[in-house]
Amino acid sequence: MPSFKIETPSLSHLSHEDYINVYEPAEDSFLLLDALEDDLELLQQRRPVLCLEVGSGSGVVTTAIARTLGAEVFCLAIDINQAACSATNCTAKENGVKVDVINGDLVTPLRGVCAVDLLVFNPPYVPTPHCEVITSLEEPLTRAWAGGERGREVMDRLFPLLPEVLAPQGLFYMVAIENNDVPQIREVLSALGFQSHVVKQRRVRGEHLVVLRCQKHSDSLE
Amino acid sequence: MVFRCAVHNMKLLTHNMLTSKCMKGVTVGYPLGIVAKDIKVSETEFNSEFVSRIIPKLDWNALWKAADSIGHSGDLPQQLMEDYENNEEFLKKVHHVLLEVEIINGELVCPESGRKFPISQGIPNMLLNEDEL
Ligand SMILES: C[S@@+](CC[C@H](N)C(=O)[O-])C[C@H]1O[C@@H](n2cnc3c(N)ncnc32)[C@H](O)[C@@H]1O
């Protein structure tokens, strides 16, 4: 039997000090990796060429994808936090893969030409007052988790951009928590032309984490 | 934060995807000009499958112009040829321009506003100030 496995990349080059400014991989990161691992057969069938991670942080997810999907994909990562961009760069390098990194806001620096075959996003999803979403540059880590009202402010800005970013057969994976109102997220996505399903969930220390997989309505799976 | 690893650089493939269209007053913002201070040409493994499948996602004209503007178009044809899938020689040239010509430091320039986006240590900074949105 072929083994469909995603290996967690080595992060030994990152230290406690780096995690002052960069989100340290946590349960949400690993749940996303687990969801991708469960879907690896599907991903390999789809043969993505262009992968994009928004909010790559330490780079753990992008690097894992790049390593698993190999030489037939090009991985791009975007993060609003400069320190996270360097960390992503470094994690990719340390694990022997190439990822191009852009310091930017969501997918706004990208041409909207429906080119992305695999998009992943572990967004800041924690409900917080609005002001915490737009924190000063001195507190880049706040931006890693502060999601504003219902934890939805950052992800809600990405959704309307999906139709011009995702390829016709593209897949989008996103982490959320129950408090983000997952059924309502699915309605928003549906209105934009995407079907979505909860493909993974886990309860960790009072957080009910889910991973949504989303694709165009016109795209039937398998 | 100082990282102990060598940097990874921006490829022309990434440049092909970038735009400044989100800036206030900018309509297309594409393609961005390149002012390259440090360029590195490295060798990477050629995968013909990858190259022929990424070509449909590219703006060919922008790719050629970008490569030409930094003096690395080599003998890449200005027009995308037909039936390139089986033309290994052609795909290798595309591979070189897309993945082997890397920008370490420099600037990307919005073609409409002239706004400069710095590239440092291989990472383009595309963040806009609040008054530019
Ligand atoms: C929860 S962390 C996830 C990090 C990493 N992907 C992981 O799974 O461990 C969220 C990341 O999104 C980034 N981020 C927040 N707002 C963003 C935005 N508007 N555009 C791009 N990245 C953003 C943060 O800097 C942070 O690195």
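The values are calculated or read from the model by the stated rules, or taken from the named source; none is laboratory data. All of these numbers come straight from a predicted model, not from anything done at the bench. When we count neighbours, we look across all protein chains shown, and the Cβ atoms used for this are built from the backbone with ideal geometry, even at glycine. For the accessible areas, the whole protein counts, side chains as well, though only heavy atoms, and no ligand, DNA or RNA atoms are used. Shrake-Rupley method; radii C 1.70, N 1.55, O 1.52, S 1.80 Å.
For the range A:29-46, indicate whether the set of residues that are modelled with pLDDT of 95 or more, within 11 Å of the ligand (Cβ to nearest atom) and touching a Gly at 6+ places or on another chain (Cβ under 8 Å) is non-empty.
Among the residues of the range A:29-46, at least one is modelled with pLDDT of 95 or more, within 11 Å of the ligand (Cβ to nearest atom) and touching a Gly at 6+ places or on another chain (Cβ under 8 Å), which makes the answer yes.
Among the residues of the range A:175-200, which ones are among the polar types (S, T, N, Q) and free of Cβ contacts under 8 Å to residues at least 40 places away in the same chain?
Correct list: A:Gln184, A:Ser190, A:Gln195, A:Ser196.
Could you identify the single residue in A:Lys5, A:Lys93 that is open to solvent by 10 Å² or more (accessible area, probe 1.4 Å), of a type in the set (Lys, Arg) and not in a loop (DSSP other than H, G, I, E, B)?
Of A:Lys5, A:Lys93, the one residue that is open to solvent by 10 Å² or more (accessible area, probe 1.4 Å), of a type in the set (Lys, Arg) and not in a loop (DSSP other than H, G, I, E, B) is A:Lys93.
When you scan the range A:4-17, do you find a residue that is out of contact with any Gly (no Cβ under 7 Å at 6 or more places or on another chain), away from the ligand (no atom under 16 Å from the Cβ) and of a type in the set (Val, Ile, Thr), even just one?
Checked against the condition, which is being out of contact with any Gly (no Cβ under 7 Å at 6 or more places or on another chain), away from the ligand (no atom under 16 Å from the Cβ) and of a type in the set (Val, Ile, Thr), the range A:4-17 yields no hits at all.
Just for the range A:100-112: of the residues that are farther than 17 Å from A:Pro124 by Cβ and at the interface with chain B (Cβ under 7 Å from one of its Cβ atoms), which one is surrounded by the most Cβ atoms within 10 Å (Cβ to Cβ)?
Per the stated criteria, the residue is A:Val101.
For B:Val26, indicate whether it is modelled with pLDDT of 95 or more, within 21 Å of A:Phe74 (Cα to Cα) and open to solvent by less than 30 Å² (accessible area, probe 1.4 Å).
So B:Val26 does not fit the description; no.
Which of (1) more than 12 Å from chain B (Cβ to nearest Cβ); (2) touching a residue at least 40 places away in the same chain (Cβ under 8 Å); (3) more than 8 Å from the ligand (Cβ to nearest atom) is the odd one out, the single condition A:Val49 does not satisfy?
(1)
Can you report the number of residues in the range A:67-90 which are open to solvent by less than 10 Å² (accessible area, probe 1.4 Å) and of a type in the set (A, V, I, L, M)?
5
Of the residues A:Asp79, A:Asp18, only one is within 21 Å of B:Gln121 (Cα to Cα) and at pLDDT below 95; which?
Only one candidate qualifies: A:Asp18.
Can you spot a residue in the range A:102-118 that is under 30 Å from B:Val28 (Cα atoms), in contact (Cβ under 8 Å) with a residue 60 or more places away in the chain and out of contact with any helix residue (DSSP H, G or I) (no Cβ under 6 Å at 6 or more places or on another chain)?
Checking the range A:102-118: at least one residue is under 30 Å from B:Val28 (Cα atoms), in contact (Cβ under 8 Å) with a residue 60 or more places away in the chain and out of contact with any helix residue (DSSP H, G or I) (no Cβ under 6 Å at 6 or more places or on another chain).
Out of the residues in the range A:114-136 that are out of contact with any Lys or Arg (no Cβ under 7 Å at 6 or more places or on another chain) and at the interface with chain B (Cβ under 10 Å from one of its Cβ atoms), state the one that is nearest to the ligand (Cβ to nearest atom).
So, considering only residues that are out of contact with any Lys or Arg (no Cβ under 7 Å at 6 or more places or on another chain) and at the interface with chain B (Cβ under 10 Å from one of its Cβ atoms), the one nearest to the ligand (Cβ to nearest atom) is A:Ile134.
Which residue, of A:Arg111, A:Arg143, is within 17 Å of A:Tyr23 (Cα to Cα), of a type outside the set (Gly, Ala, Ser) and in contact with a Ser or Thr (Cβ under 9 Å, 6 or more places away or on another chain)?
The unique qualifying residue is A:Arg143.
Go through the range A:52-84 and report how many residues are in a helix (DSSP H, G or I), near the ligand (Cβ under 6 Å from one of its atoms) and within 12 Å of chain B (Cβ to nearest Cβ).
Within the range A:52-84, residues that are in a helix (DSSP H, G or I), near the ligand (Cβ under 6 Å from one of its atoms) and within 12 Å of chain B (Cβ to nearest Cβ) number 1.
Considering only the range B:96-109, how many residues are buried (at least 20 other Cβ atoms within 10 Å of the Cβ) and either assigned to a strand (DSSP E or B) or within 14 Å of chain A (Cβ to nearest Cβ) (or both)?
8
Is it fair to say B:Lys21 is open to solvent by 70 Å² or more (accessible area, probe 1.4 Å) and closer than 30 Å to A:Arg157 by Cβ?
No; evaluated as a whole, the condition is false for this residue.
Please work out which one of (1) out of contact with any helix residue (DSSP H, G or I) (no Cβ under 8 Å at 6 or more places or on another chain); (2) within 13 Å of chain A (Cβ to nearest Cβ); (3) in contact (Cβ under 8 Å) with a residue 60 or more places away in the chain is the condition B:Asp38 fails and give its number.
(2)
Pairs, please: C-beta under 7 Å, at least 6 apart or cross-chain, first residue farther than 13 Å from A:Val49 by Cβ and in the range A:61-73, second within 16 Å of the ligand (Cβ to nearest atom) and among the polar types (S, T, N, Q)?
Listed by first residue and then by second, the contacts come to A:Val61/A:Ser29; A:Val61/A:Asn122; A:Thr62/A:Ser56; A:Thr62/A:Thr88; A:Thr63/A:Thr91; A:Thr63/A:Asn95; A:Ala64/A:Thr8; A:Arg67/A:Asn95.
For residues that are more than 9 Å from the ligand (Cβ to nearest atom) and touching a Pro at 6+ places or on another chain (Cβ under 6 Å), tally how many sit in the range A:148-168.
Summing the residues that are more than 9 Å from the ligand (Cβ to nearest atom) and touching a Pro at 6+ places or on another chain (Cβ under 6 Å) in the range A:148-168 gives 3.
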